[in-house]
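K.L.:
Provided herewith is a single structure, encoded as structure tokens, for subsequent inquiry.
The values are calculated or read from the model by the stated rules, or taken from the named source; none is laboratory data. As the structure is a prediction and not an experimental result, all values here were calculated from the model. Neighbour counts run over all protein chains shown; Cβ positions are idealised from the backbone, glycine included.
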Amino acid sequence: DTGVSQNPRHKITKRGQNVTFRCDPISEHNRLYWYRQTLGQGPEFLTYFQNEAQLEKSRLLSDRFSAERPKGSFSTLEIQRTEQGDSAMYLCASSLSDAGLREQYFGPGTRLTVT
Amino acid sequence: LAKTTQPISMDSYEGQEVNITCSHNNIATNDYITWYQQFPSQGPRFIIQGYKTKVTNEVASLFIPADRKSSTLSLPRVSLSDTAVYYCLVGDTYSGGGADGLTFGKGTHLIIQP
């Protein structure tokens, strides 16, 4: 399967703990995006990378959230000191930045539950 | 910031053509219009993208009037499996355009009945 993969698919953690999610994009895609989605809402943009550079970060993103994309391949999203409000589906997507192929391909998501 | 407005929900029947309209009055010159489909517990899936006039692919058509202040996604002969949430996005996706092109909104929940 050459699609976007995310691990883990589900994560249950206690409030105050740190969690880390991983995203493996489609191999030739140089852009990688992170979104958060809660029930009944559309995906909310968090941040995106072009290769290893983090180009944009949502102003709504708490400083407890950090993302990395070392070597421009996979990416990790870490949430420190989790809160119940962090419970959501975390989606990763990738795309090419070349003209003519601009659509994002999404992974299945990681569902986080903070108790 | 180009924001979009879509109906919250729509109903239709199998075999019908469904048109979902998105308003984007503040669309900028460089902005493209992109539609995604999302099923429960899955990530969104790209449907179609356009800049002006009409774009058609194997699953949908996208109609964009000359003023580009709105767009209409047309799904021909829908089936039960087209029941999903449909999102309209507007932004400059060529250059990344910051996060403007990455704002999904609440989307339109399309329900297809037998």
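K.L.:
Please verify whether A:R69 is more than 14 Å from chain B (Cβ to nearest Cβ), crowded, with 21+ Cβ neighbours inside 10 Å and of a type outside the set (S, T, Y), treating the condition exactly as stated.
P.N.:
Details: more than 14 Å from chain B (Cβ to nearest Cβ): yes; crowded, with 21+ Cβ neighbours inside 10 Å: yes; of a type outside the set (S, T, Y): yes.
It is true that A:R69 is more than 14 Å from chain B (Cβ to nearest Cβ), crowded, with 21+ Cβ neighbours inside 10 Å and of a type outside the set (S, T, Y).
K.L.:
With respect to A:Q17, is the statement that it is at pLDDT 95 or above and within 12 Å of chain B (Cβ to nearest Cβ) true?
P.N.:
no
K.L.:
Moving on to the next point. Of the residues that make up region B:55-62, is at least one closer than 26 Å to A:G107 by Cα, more than 10 Å from every other protein chain (Cβ to nearest Cβ), among the polar types (S, T, N, Q) and surrounded by fewer than 17 Cβ atoms within 10 Å (Cβ to Cβ)?
P.N.:
Yes: one or more hits.
K.L.:
Further, regarding this structure: Run down A:L77, A:L60 and say which single residue is surrounded by fewer than 13 Cβ atoms within 10 Å (Cβ to Cβ) and either away from every other protein chain (no Cβ under 14 Å) or part of a loop (DSSP other than H, G, I, E, B) (or both). Walk me through how you get there before you give the answer.
P.N.:
Values: A:L77 fails: surrounded by fewer than 13 Cβ atoms within 10 Å (Cβ to Cβ).
It is A:L60.
K.L.:
Follow-up. What is the residue count in region B:1-36 for residues that are of a type in the set (A, V, I, L, M), modelled with pLDDT of 95 or more and either farther than 21 Å from A:P43 by Cα or part of a strand (DSSP E or B) (or both)?
P.N.:
The total comes to 3.
K.L.:
Looking at region A:4-49, which of the residues that are outside any loop (DSSP other than H, G, I, E, B) and among the basic types (K, R) is farthest from B:S41 (Cα to Cα)?
P.N.:
A:R31
K.L.:
Restricting the search to region B:37-53, which residues are in a strand (DSSP E or B) and not hydrophobic (A, V, I, L, M, F, W, C)?
P.N.:
B:Q37, B:Q38, B:R45, B:Q49, B:G50, B:T53
K.L.:
I'd like the full set of residues that are over 14 Å from A:S5 (Cα atoms) and either away from every other protein chain (no Cβ under 11 Å) or within 10 Å of the chain's Cα centre (by Cα) (or both), limited to region A:97-115.
P.N.:
Those that are over 14 Å from A:S5 (Cα atoms) and either away from every other protein chain (no Cβ under 11 Å) or within 10 Å of the chain's Cα centre (by Cα) (or both): A:L112, A:T113, A:V114, A:T115.
K.L.:
Let me ask something else. Based on this model, can you work out whether A:Y48 counts as within 14 Å of another protein chain (Cβ to nearest Cβ) and within 17 Å of A:R111 (Cβ to Cβ)?
P.N.:
No: the conditions fail for A:Y48.
K.L.:
For region B:66-81, does any single residue satisfy the condition of being part of a strand (DSSP E or B) and either in contact with a Lys or Arg (Cβ under 6 Å, 6 or more places away or on another chain) or under 22 Å from A:Q37 (Cα atoms) (or both)?
P.N.:
no
K.L.:
Also: So which residues in region A:80-96 are assigned to a loop (DSSP other than H, G, I, E, B) and either modelled with pLDDT of 95 or more or away from every other protein chain (no Cβ under 14 Å) (or both)?
P.N.:
Passing the criteria: A:Q80, A:R81, A:T82, A:E83, A:S87.
K.L.:
Could you identify the single residue in A:N7, A:N51, A:N18 that is surrounded by 13 or more Cβ atoms within 10 Å (Cβ to Cβ) and over 14 Å from the mean Cα position of the chain (by Cα)?
P.N.:
Numbers: A:N7 fails: over 14 Å from the mean Cα position of the chain (by Cα); A:N18 fails: surrounded by 13 or more Cβ atoms within 10 Å (Cβ to Cβ).
Matching residue, one of A:N7, A:N51, A:N18: A:N51.
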